[in-house]
Amino acid sequence: MPIYELGYRHFKGEFKGHTHRFLTITKRGVALLFKKRRFLYLIILSFIPFVVRGVVIYIATHYPQVRLGALTLDPKFYRDFLFQQIFFVLIISLYAGSGLIANDIRYNALQIYLSKPITRFDYIAGKFGIVSFFILLVTLIPGLLLFLLRILFSDDLSFLSDIYFVPFSIIGYSFIIAVFFSVLILALSALGRSARFAGIGFLAIYFLSDVLFQILRGMFRDSNFALLSFRANMSQVGAMLFGTSPRFSPPPLASLAIVILSILLFFILLHRRIRGVEVVK
Amino acid sequence: MSEKVVEARNLSKWYGEVVGINDLSFSLSPGVTGLLGPNGAGKSTLLKLIAGLLKPSKGELLVFGEVPWKNHRLKRRIGYCPELDAFWRYLTGFDFLLNIARLSGYSGEEAEKRVLASLKEVDLLSAKDKRIAAYSRGMRQRIKIAQAILHDPELILLDEPLAGMDPIGRKAMIELIKRLGKEGRTLLVSSHILHEIEAMTKEVILIHNGRVIAEGNVHRIRELIDEHPHMVFFTCNDPRKLASLLVKYPDVVNISFSEDGRGVTIQSVKPDEFYRRLPDIVLDNGIEIEGMHSPDDNLEAVFNYLVK
């Protein structure tokens, strides 16, 4: 039996809790993306619609005589803003998310992550935090700021009684957008070693589902096929949350159910793909 | 009575129809244990099972009395160094380790302190601000070991840790492994080169085709192995001269030349003596060695011999 020269003494200090582990992954990812100039330009660009709508709010509140076309400062104004922001959400998800897991698989970094005291869920939560942070940055933050601008620019706050629920709608819609697009891009990123493949798959799923809907609608003159389109479902969910009239005939609740079901399916796919060791059978 | 850090009973792991580990039973106590076997023997699979990265297909595996699979708390006590490069190459060595320290639960100053200490352990302090992409293979190997020991683990699993290291780095790493073992930690170090393992420890587990074929003190196994010739392939400026110098020794039992005439394969039944005298012979006779390796099929042959 060996005699050891020095008895082993394990670290007796205090370890940070579990939340800290997933935040470590998120913080590092966010910091790395902020260092990329092209990505910063993209974020700045995505604030242009906010600036435009901010100006619209200013004009509408200070110069009520000026006609702004169909634009009125009702819940639809905020819903349309968030729906339009999906264009930037797509690009940001592509840029920030397509390589997040694919590159870890490519560099075998998953086995390093998962050999540390973190769970697969921590890893996914950390990566999810990166994409959703940027999505919320261009949806939730400007959305709430627009509402705040409306309050700041108005002398009379009586309008609040009509649209008091809008901040909650902005929060709800922004989170649905963030969760849906983050989980979708991460699931595709986890499918292989190529960020490019994940990006192409991401755009294909989003746009082809809409193309399919348009074709079927054209053929059968029935907009119930909107349930097949992620884009249309997002529009329906927005209409439901902001209490505006939906664009298509299916009930918005059905669209919400499809979005939630898709999130669950993408999450299951994502969770199944995260393995410390890639087993090729 | 010694404490059992790892205990495996009838452990099996298969990937579809491919068997990685087959009905394996063994135990590990504190100190350094060598895990020896040719490529494809199941060494990496076994280390990944112990590290909790793979789920056993059958049998029981306990680490510190707990099941490692899906047990993230247990991973705080385990350090794992994979065989393949596994890191974000765009980071500097320091940043890479800092992330690892934070993932391991250390915060602020303590994390930085641990990073610097582990960099010092593997002699990479001077290269801490270089990107990992610019590291040599030996440096990458050392940073992998640094991430495995950074969080002060009690059980350290090293998969081929000396691969790609230069002789000086190799010597320093062997010393580090020995020291960690003497501190009372448990180290399981895999290799397909017997001499590497012998330099670190006397305790070995021999694994072949997913099965343990021998376990215990290396000297008992060594006698058997010594009867089987050890093969070394050289490429040098004058293979014929090198062969004529080595053939004089009784332990050299076979010499063959490569087809292009630039290489020579030597078989020795006393590899220790062979390696001891080799530097002097080369230096005294002005032979320039361009490459030297002990083919893996050499160990495969030894194992086949042992299995017989």
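Over chain A, what is the mean sequence separation of C-alpha contacts under 8 Å (at least six apart), divided by residue count, expressed as relative contact order in percent? Let's see the in-between values first.
Details: 320 pairs, mean separation 64.7, N = 281.
Dividing the mean separation by the residue count of chain A yields 23 percent.
From the backbone phi of the range A:96-112, what are the Karplus-calculated ³J(HN,Hα) couplings (6.51 cos²θ - 1.76 cosθ + 1.60, θ = phi - 60°) in whole Hz, Gly and Pro given as x?
7, x, 4, x, 4, 9, 4, 5, 5, 5, 4, 8, 6, 6, 4, 6, 6
When the Cα centres of the range B:1-43 and the range B:137-167 are compared, how far apart do they sit, in Å?
Here the answer is 20 Å between Cα centres.
Of all beta bridges DSSP finds with both residues in chain B, what is the antiparallel percent, to the nearest 5?
About 65 percent, rounded to the nearest 5.
Indicate the gyration tensor shape class of the range B:35-90 (rounded, prolate or oblate), computed on the Cα atoms with a ≥ b ≥ c the square roots of the eigenvalues: a/c under 1.5 is rounded; otherwise a/b larger than b/c is prolate and the rest oblate.
Oblate.
For chain A, what does the helix formula give at 222 nm: sum of -39500 (n - 2.57) over DSSP H segments with n ≥ 4, over the residue count, nearest 500 deg cm²/dmol?
One gets -23000 deg cm²/dmol as the mean residue ellipticity at 222 nm.
For a test of the definition: using alpha carbon positions, the gyration tensor, and the 1.5 limit on a/c, classify the protein assembly as shown as rounded, prolate or oblate.
Cα axes put the protein assembly as shown in the prolate bin.
If you count, for every residue in B:96-104, the Cβ atoms of partner chains within 10 Å of its Cβ, what is the mean?
Values: counts 2, 0, 2, 7, 5, 2, 9, 16, 8.
Average per residue, whole number: 6.
Quick one, what does Rg over Rh come out to for the range A:22-279 if you take C-alpha atoms and the Kirkwood Rh?
Over the Cα atoms of the range A:22-279, Rg/Rh equals 1.01.
Using only atoms on other chains, find how many Cβ atoms lie within 10 Å of each Cβ of peptide B:79-92 and report the average. Numbers along the way, then the final one.
Numbers: counts 2, 6, 2, 7, 2, 3, 3, 9, 5, 7, 3, 3, 2, 0.
Mean inter-chain Cβ contacts per residue within 10 Å come to 4.
On average, how many beta carbons from a partner chain sit within 10 Å of the beta carbon of a residue in B:105-117?
3
Considering only DSSP beta bridges where both residues belong to the protein assembly as shown, give the percentage that are antiparallel (nearest 5).
Roughly 65 percent of the DSSP beta bridges within the protein assembly as shown come out antiparallel.
May I ask you to evaluate 6.51 cos²θ - 1.76 cosθ + 1.60, the Karplus curve with θ = phi - 60°, for each residue of the range B:176-192 and list the ³J(HN,Hα) values in order in whole Hz, giving x for glycine and proline?
My calculation for the range B:176-192 gives 4, 4, 5, 5, 4, x, 5, 5, x, 7, 9, 10, 10, 10, 8, 6, 10 Hz in order.
Could you check the simple spin-label distance between B:Val67 and B:Ser25, using points 7 Å along Cα→Cβ, in nm with one decimal?
2.0 nm
For the range B:160-217, rounded, prolate or oblate, judged on the Cα gyration tensor with a ≥ b ≥ c (square roots of eigenvalues), a/c < 1.5 rounded, else prolate if a/b > b/c? Walk me through the intermediate numbers first.
Numbers: a/c = 2.33, a/b = 1.36, b/c = 1.71.
Verdict is oblate for the range B:160-217.
Show that you can apply the helix-only estimate: for chain B, add -39,500 (n - 2.57) for every DSSP H stretch of four or more residues, divide by all residues, and state [θ] at 222 nm to the nearest 500. Don't skip to the answer; put the middle values down first.
Details: 10 runs with 112 residues, N = 308.
Computed mean residue ellipticity for chain B: -11000 deg cm²/dmol.
Amide H neighbours of B:Lys13 under 5 Å, counting only residues 5+ apart in sequence or on other chains, H built in-plane at 1.01 Å?
The list, which skips near neighbours in sequence, is B:Gly20, B:Ile21, B:Asn22, B:Asp23, B:Ser57.
Rounded to whole Hz and in sequence order, give me ³J(HN,Hα) for the range B:133-150 from the Karplus expression 6.51 cos²θ - 1.76 cosθ + 1.60, θ = phi - 60°, writing x for Gly and Pro.
Rounded to whole hertz, the list is 4, 8, 6, 6, 4, x, 5, 5, 4, 5, 5, 5, 5, 4, 5, 6, 9, 4.
Which length gain, in nm to one decimal place, applies between B:Ile213 and B:Ile168 when the Cα-Cα distance is subtracted from 0.36 nm times their residue separation?
Extending this stretch completely gives an extra 13.0 nm.
Taking R0 as 60 Å, what's the FRET efficiency between A:Val51 and B:Lys120 from their Cβ-Cβ distance, rounded to 0.05? Display every interim value, and only then the final one.
Numbers: r = 52 Å, r/R0 = 0.86.
Computed FRET efficiency for A:Val51 and B:Lys120 comes out at 0.70.
Per q in 0.16, 0.21 1/Å, what log10 I(q)/I(0) does a Debye calculation on the alpha-carbon atoms of the range B:1-123 return?
Here log10 of I(q) over I(0) equals -0.92, -1.24.
Would you grab the residues whose amide H sits under 5 Å from the one on B:Gly263? Only those 5+ places off in sequence or on another chain, please, with H modelled 1.01 Å from N.
B:Ser258
If you stretched the chain out fully between B:Asp238 and B:Lys58, how much longer would it get, using 0.36 nm times the residue separation minus the C-alpha to C-alpha distance?
Working it through step by step, the gained length comes to 59.5 nm.
Mean-square fluctuation check for chain B, GNM, Cα pairs under 10 Å: which of B:Gly40, B:Gly108, B:Gly210 is largest?
With Cα springs under 10 Å in chain B, the top fluctuation among B:Gly40, B:Gly108, B:Gly210 is at B:Gly108.
Which loop chymotrypsin sites (Phe, Trp or Tyr not before Pro) in the range A:126-167, with loop taken from DSSP, have no more than 11 other Cβ atoms within 10 angstrom of their Cβ?
Answer in residue order: A:Tyr164.
Of all beta bridges DSSP finds with both residues in the range B:118-263, what is the antiparallel percent, to the nearest 5?
Values: 7 of 12 bridges.
Around 60 percent of the beta bridges assigned by DSSP in the range B:118-263 are antiparallel ones.
Suppose R0 equals 30 Å. What FRET efficiency, 1/(1 + (r/R0)^6) with r the Cβ-Cβ distance, do A:Arg196 and B:Arg89 give to the nearest 0.05?
Once the sixth-power term is evaluated, E becomes 0.95.
Please work out the Cα center distance from the range A:248-274 to the range A:82-119, rounded to the nearest Å.
19 Å
Every read-out reported here was derived from the displayed coordinates using simple, explicitly stated rules and does not represent laboratory data. Predicted model only: the values in this text are computed from it and were never measured. Note that we place each Cβ from the backbone using ideal geometry, even for glycine, and neighbour counts take in every protein chain shown.
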